[in-house]
Amino acid sequence: MLTLTRGERDDKSHKNICLHFRLRPCWNCPVLGNILLQNGIDCIILDKYNREEIYSRGRAGILESTTVKLLKKHDIAERILKKAHSHGSCEFRSPNKSINFEYGSLSGGDVHYVYPQSDINDDLIQKYLNNGGKFLFHHEEKNIVQTDENVQVECEDLDCQKAVTIQADFVAGCDGYHGIARQSIPTGAIEIYTKEYNLRWLAILAYAPPSAQHPLYSAHPDGFAGHMLRNSKISRYYLQISSTDTLEDWSNERIWANLRKRLAKEGWKLNEGEIFQKQIMELRNYVMEPMGYRRLFMAGDAAHIITPMGGKGLNLAVQDAGVLAETLISYYLENQDSSYLERYSQIRLPYIWRAQEFSYSMLRMLHSPSGENLEDVRFRRKLRESKLEQLTPSLTFAKDFARNYVGIV
């Protein structure tokens, strides 16, 4: 969550501005804070967790070219460019075919960057602190009250069990779908669009060297499977599972047997190892319009949720932060009217819907259809096969797919 206060003066050009966020494992909050600090706007970041807990909750990050370009623009991409691994290809498999998809060359040279979220998040927090930003760790929001003139954020210092109140001009909710910011918007004040699925993913982390140096996507009759490299010793895997399955239904032996079967390719071997994490991921879509209410702005999962297919969630959140920061900076430093702030939603929503459409299309392309109507299932399987086939002969479709895969522009 983010709040802005103008201090004791009324003019918007005043630089003593306080920003208040609630930070989640995604690092859109420190991105937003760093950009604002660079433009002379003082910030306060508020997070429920301490720094060690924030670091431990991070996951692997797949960064699109558009995300890295945004970070480079604001001089906060240095560590990513030095430490991240990049790749510009992926592979689509089915029982009878394998397609090596060189999306880097098809998109004009753009690639993905692979970097642990925990590391870049901690680096951005340290950069923010080094530049004079204020960070209140272990503080939990309790309530947000808006007036025509400001916003009051009530929170608790969890170390001292003491109530803290912050007066602000604006709040930016970066606290996820279940955070207090989204819950503070009155029913009916915004439009909500949602979609639920009758399937889920089993996400697995294992101490196993990558079996390929690029992502693998498998469209198998038994269901989708994915293999994502994390580093030289750890790999991440995904399996499409039934909506009624539980973790107890998936022993380690069953997991490896399904991965071997669904990812199979002649002459290729799956590296196996100790599974140290597995969880069931719900697949759903959620978008709010506009992305805020009065003095409250939403970013990342607080404003929109997307399926993990295509790796768009983290990137959308960071790109939200970039546009929101630039909008707030212009509002204050150029003395803009309050209606100017509406441009945040106006700019972001078209990109968010394009990402939603791409992720949904890719999910349908790779997941095994199900249902009681067998003729419908057979038909949808043929549609899926047709979509995959277009990645090879249809250069127009392949270029469009590559461009959207590596970064919505």
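Each reported figure results from applying straightforward, stated rules to the coordinates on display, with no laboratory input. Small disclaimer: the values here were computed from a predicted structure and weren't measured. All Cβ positions, even for glycine, are placed from backbone atoms using ideal geometry, and neighbour counts span all protein chains on display.
For the range 378-383, the Karplus equation 6.51 cos²θ - 1.76 cosθ + 1.60, evaluated at θ = phi - 60°, returns couplings of 4, 5, 5, 5, 5, 4 Hz by residue, with Gly and Pro reported as x.
Listed by Cβ neighbour count within 10 Å, with the fewest neighbours leading, 193, 331 appear as 193, 331. Taking all Cα pairs closer than 8 Å and separated by 6 or more residues, the relative contact order of the range 219-362 comes to 17 percent. Residue order for 32, 106, fewest other beta carbons within 10 angstrom first, comes to 106, 32.
For the chain, a Gaussian network of Cα nodes joined below 10 Å ranks 397, 276, 224 by mean-square fluctuation, and the top entry is 276. Per residue, the average separation of C-alpha pairs within less than 8 Å and at least 6 apart gives the range 312-409 a relative contact order of 22 percent.
Potential lengthening of the chain between residue 375 and residue 177 amounts to 67.5 nm, from the contour at 0.36 nm per residue minus the alpha-carbon distance.
Need the list of lysines near residue 261 for cross-linking: C-alpha distance under 17 angstrom, and skip anything on the same chain fewer than eight residues off. Within reach: 97, 269. Among 176, 226, 109, the largest mean-square fluctuation in a Gaussian network model of the chain (Cα springs under 10 Å) belongs to 109.
Here's the list of aspartates and glutamates a cross-link from residue 69 could span, going by alpha-carbon distance under 14 Å and ignoring same-chain residues fewer than 8 apart: 78, 110, 320. Between 0 and 90 degrees, the angle of helix 252-262 with respect to the longest Cα principal axis of the chain falls at about 70 degrees.
Distance between the C-alpha centres of the range 241-293 and the range 136-185: 35 Å, rounded to the whole angstrom.
The distance from the alpha carbon centre of the range 363-403 to that of the range 218-232 is 17 Å, rounded to a whole number. Using a Gaussian network model of the chain in which every pair of alpha carbons under 10 angstrom is joined by a spring, one finds that among 100, 28, 130 the greatest mean-square fluctuation is at 130. Say each of residue 364 and residue 243 gets a label point 7 Å from the Cα, pointing the same way as Cα to Cβ; how far apart are those two points in nm? Result: 1.7 nm between the two label points. What pairs from 82/387; 195/382; 72/134; 127/233; 312/399 go past 26 Å between their alpha carbons? With Cα atoms farther than 26 Å apart: 82/387; 127/233. Note on the chain: helix-only mean residue ellipticity at 222 nm, from DSSP H runs of 4+ residues weighted -39500 (n - 2.57) and normalised by residue number, equals -10500 deg cm²/dmol. Each of 35, 275, 76 was scored by other Cβ atoms within 10 Å of its Cβ. Arranged with the fewest first, they read 275, 76, 35. Our coupling estimate for the range 77-84, obtained by passing each phi through the Karplus curve with A = 6.51, B = -1.76, C = 1.60 and θ = phi - 60°, is 10, 4, 5, 4, 5, 7, 10, 6 Hz, Gly and Pro reported as x.
Once both axes come from the Cα atoms, what is the angle between helix 28-38 and the longest principal axis of the chain, in degrees from 0 to 90, rounded to 10? Helix 28-38 sits at roughly 40 degrees to that axis. The relative contact order of the chain comes to 19 percent, based on Cα pairs under 8 Å that sit 6 or more residues apart. Against the set (i) -0.24, -0.33, -1.44; (ii) -0.26, -0.35, -1.26; (iii) -0.56, -0.66, -1.18, the structure's computed log10 I(q)/I(0) by the Debye sum over Cα atoms at q = 0.06, 0.07, 0.14 Å⁻¹ falls on (ii).
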